Each structure stands twice: as structure tokens, then as C-alpha cells.
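None of the figures in this text is laboratory data; all of them are computed from the coordinates on show. Computed from a prediction, not measured in an experiment: that's the story for all the values here. With ideal geometry, Cβ positions are generated from the backbone for all residues, glycine too; neighbour counts draw on all protein chains shown.
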Amino acid sequence: MKNKPKSQKAEERKKSALLERRRRKERRRQESPSNSETPSGSKPASIEKHNDNPFHNAQRQLKEAFDRMKLDKEWYDILKEPKEVLEVTLSVHTEKGIRVFKGYRVHHNDSRGPYKGGVRYHPNVSMDEVKALAMWMTWKCAVVDIPFGGAKGGIICNPKKMSRLELETMTRAYVRALGDFIGPMKDIPAPDVYTDAQTMAWIMDEYSKGKGYNVFSVVTGKPPALGGSLGRECATGCGLAFIAREIMNYYKMNPAKTTAVVQGYGNLGSIVSQRLYEMGVKVIAVSDSKGGIYNENGLNPHEIESHKARTGTVVGMKGAKTITNKELLELKCDLLLPCALENQITQNNAGRIKAKIILEGANGPTTPEAEKILLRKGVIVVPDVLANAGGVTVSYFEWVQDLQSYFWTEQDVNDKMDTIMTKAFHNVVALMEKCRVPMRTAAYMLAIQRVVDAMQKRE
């Protein structure tokens, strides 16, 4: 094998040194007490540490950003809690008799526009989880500067063990229970964990029945035949790929020499894996709920997708080693993309994370305790409120198209999303550099200021 030219070796050493310097700089930002800008007036009361409570984690993230801003404490007191919550009990006639389900819908803040947020079906749905997700949606919409506030909903159920008819009956009962808590100018739901375009079609249809006319704009993520937007199904994954591209550009990383690990191979994980692969990034490991696969020489996401379609899992892929999700998170790589559920990277495993950059595809995958450990190690964390905002951005496009009854091409949708996501990334980076804070704190500071500005101007 021929040796590399000296000029090429020098260039690689230069890029590696640049990334290492930036990682050390990020670590100093986190550790230096002089970097903090405390708000005027009294500081918010401290919040007890809760590793497994997403709402407490969301409040702590808010407080950490708020403490660096010169804002009155009253704004923190308003923003740390949702504006309103609704808990419903659903009595549903199923094939096995009457079953009772508990559902939630939370409105966090609507100062910048109607509430916006997904609906998830999962056995572990809780009020605190939904409250956290609603708060994160407020910041997400503000970071990318689209005119929505944050909401979220969910039903405690196991959709994997329910028939299609049971899911439809439960969904329609949920819509009737919500009543005017949702609406095209008040709160626009969207798909989330174990909900999809069909679920949104049922919500739209049931809501329209109650009104006596079609209200296509009451939800987003619908099938195109019912007013859905082209490009919505892959929007979150494409948006995450745009942010991955920008972070690689920012740190002068060559995609062809970059490795990526993706946890979660549903819609989001599969799409971003394919987009990274098309950029030239080597995807060395992926996983789903049944386990993971690894090949240090790289995997082909398109072949993985075909394998999963046949078998129902990524596990067993020819030419790949089977690993656990725990092992996957701790693999040495350049980019780690947690695209499953919250609380995947905690203080228990953060010390063993070997990734250089974490791009949060899921909502809340990194706990505050874990992030402190990661930052001390020099790991760059690109926060969920920026990294996975592609979905809500294209949901906004769908809402606009429905209101106008004028629909765009998929290329139009992707180009507009790219513009918004890229601008948001550079806005966050500029604030990060100016205030010498971690990227999550910068994103929160940007979002909080926009929300508070809107509330102040409405007084």
C-alpha cells in the first residue's frame, strides 16, 4: 500500500486538531463559572435532580438557559409550567369487550401561534412525559422561527397488541373527548411514536364529523389525498440530515471519513441513515427495539430497509454482527444519532460514550446529568430542539398549504425546509460562540427570547 502524500497527511492532522480544539473550547465553556449571565432579579429556585423524569429534565434545561439571560424571574415562572392540561378516560368497545384507556393533551405556550405537537401511543406514556414534550415543542418551533407554540398528546396503550379497528375506535374516542381542545387555529396534532398518516386521517375525519364539514387543517402528517404535504413522511429524517451536514461543515469533517451510529430504525432512523449514506458517511451500526447490527466497514441502509421489511427487525442482517442497544450507544464513532425514545444517554452510560458528536434525533434522549459528563469529555451535543425540527417545519408547510388549498411540489418542500433548518443552525451557532455556552443552552436562549418577546408585545 502506498503511503499518503505529506500534504494529505498534513491536511488530515490540521482538521483533526481543529476538531480537538473546538471540543476543548466547548469543555471550557461548560466548566467556566465566569461564562454565566445571570438574570436580573431573583434566580429561579433550584430543581431537584430526577434522572428519569422528562418534565423535571425539561425544567432544568430551561433553568440553565434562563440563568444566563437578563430576564425577570416571572418569565421563568410562566414558562416552567404548561398553560393547560387535559386528562381523559376513554371507554372503548373492542373485539374483546369494553377497554378503558387514559389519554392526555398538554398546551405549553401559544404566544407565537397555535399549539402544535404530536400524539403518541405507547405503554409508558405519562402526564410528565407529555408535559415535557409540549415544552420542548415550544422551544423547537421558536428555534426554527415558525409561528407555533408547543403541545403534545398521548394515550397509554400497546398499539402492537391492538387491531386496526381497535386503534381506529380508540383514536376517534380520543378526538371526541378532546372536543374544542384542538382545532386548526388552536391546536394542530401530528404523528409521533406509533402513530402515522392513517391515525391523522382518523383524527381529521372524526373532528370534521363534529363540525359538519371538512377541516383538513386540524392535523398535519395526513395522507396527501386528504391534504397532506409531499415530503412530510421523511421530513424529520431529512431535517436531521441537513443538520448533520451543517455540523460536519462547521467542524471541517470529510463525510467520506466520518462514521455514524444510529439508534432506532423506525421512520426517522431509516431516513437519516439513508441520507447520511448518500452523503458518503459510513453508517457502521443501527438498531431497533429488538437489537442492533454492526459492521466496521459500513452498512447499506437501503439493504437494511429491505431486510427489515422482510423480517420485522434489523437483527440478522447478512454480513453484520448482532449487538445490543447498550453496546451500540458505546461504539467509537464520529456521529451518534439517538433516534428512539427519551433518556437513552444517562449518567450511568455517558462516561462510556465514545462519539465525538451527538445529534439528538429523538426528543430528550440525553439527560442533563449525562450532558454535563459528555461536555466535560469534549463531546458536542446538537440538541433535539434544533436537530429534529424538520418534522414540525414541514408540518407548518402542510398547515399553510391546507389553509390556502394550494399545494407545493416535494422539491419545494425540501428546499424550503433546508433553508429554514440551515438558518436556524447558524443562528444557534452564532449565539453559542457569542455567549460561550453549549449548543443546547444557545438554542434555548434563542427560543426563550423569541417566546418572551412575543409575550411582552401582547401585554
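Points to keep in mind about this one:
- Considered as a group, the residues in region 249-299 that are within 23 Å of Asn363 (Cα to Cα) and of a type in the set (S, T, N, Q) include one that is farthest from the chain's Cα centre (by Cα), and that residue is Thr259.
- Here Pro301 fulfils each of the conditions (1) surrounded by fewer than 19 Cβ atoms within 10 Å (Cβ to Cβ); (2) of a type outside the set (D, E, K, R); (3) in contact with a strand residue (DSSP E or B) (Cβ under 9 Å, 6 or more places away or on another chain) apart from (1).
- Taking the criterion of being surrounded by 20 or more Cβ atoms within 10 Å (Cβ to Cβ), over 27 Å from Gly312 (Cα atoms) and among the aliphatic types (A, V, I, L, M), the residues of region 222-246 that qualify are Ile243, Ala244.
- So Arg310, is it farther than 27 Å from Asn124 by Cβ and surrounded by 15 or more Cβ atoms within 10 Å (Cβ to Cβ): no
- Among the candidates Ala177, Ala151, Ala190, the residue that is surrounded by fewer than 19 Cβ atoms within 10 Å (Cβ to Cβ) and among the hydrophobic types (A, V, I, L, M, F, W, C) is uniquely Ala177.
- Pairs are defined by a Cβ separation below 6 Å, a sequence spacing of at least 6 or placement on different chains, a first member in region 431-459 that is more than 18 Å from Asn363 (Cα to Cα) and touching a residue at least 12 places away in the same chain (Cβ under 8 Å), and a second member that is crowded, with 16+ Cβ neighbours inside 10 Å and of a type in the set (Ser, Thr, Tyr); the pairs so defined are Val451/Ser111; Ala454/Ser111; Met455/Ser111.
- Test: residue in region 389-400 that is small (Gly, Ala, Ser) and in contact with a strand residue (DSSP E or B) (Cβ under 7 Å, 6 or more places away or on another chain): yes
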